[in-house]
1. In segment 33-49, what residues are in contact with a helix residue (DSSP H, G or I) (Cβ under 6 Å, 6 or more places away or on another chain), farther than 9 Å from Ala21 by Cβ and not polar (S, T, N, Q)?
2. Name the single residue that is farthest from Ile59 (Cα to Cα) among those in segment 11-45 being part of a helix (DSSP H, G or I) and basic (Lys, Arg).
3. Between a first residue in segment 8-24 that is farther than 14 Å from Ile41 by Cβ and a second residue that is surrounded by fewer than 13 Cβ atoms within 10 Å (Cβ to Cβ), which pairs have beta carbons less than 9 Å apart while being 6 or more apart in sequence or on different chains?
4. How many residues does segment 50-61 hold that are of a type outside the set (A, V, I, L, M, F, W, C) and closer than 11 Å to Glu23 by Cβ?
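Nothing in this text is a laboratory measurement; each read-out follows from the coordinates by a stated rule. From a predicted model like this one, the values you see are computed outputs, not experimental measurements. Don't worry about glycine lacking a Cβ; one is built from the backbone with ideal geometry, like all the others, and counts go over all protein chains shown.
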Amino acid sequence: MPRYTQPRRTWQYTKEFKVKAVELSQLEDVKVQDVAKTLDIHPFMLSRWRKEYREGKMIPM
C-alpha cells in the first residue's frame, strides 16, 4: 500500500461561492445532487452550507 508523503489537500471556498451554490440549490425543480455534481462538490457539503444559510451563519451578498 502506498504511503502518502504530502498532507491531504483541502479546498477553501469563498463565502460568495457558497451563497451562490445555496441559492442555485433553492431554485424550483432543482435537486441538491444536481447542483453539487455541476459544481464538483460533495452533496453533503452543499447540504451543510444550506443549513448554515438557514441558520443565518452565511449572509447573502
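1. Pro43
2. Residue satisfying both the conditions and the ranking: Lys37.
3. Lys15/Ile59; Lys15/Met61; Glu16/Met61; Glu23/Pro60
4. The number of residues fulfilling the criteria is 3.
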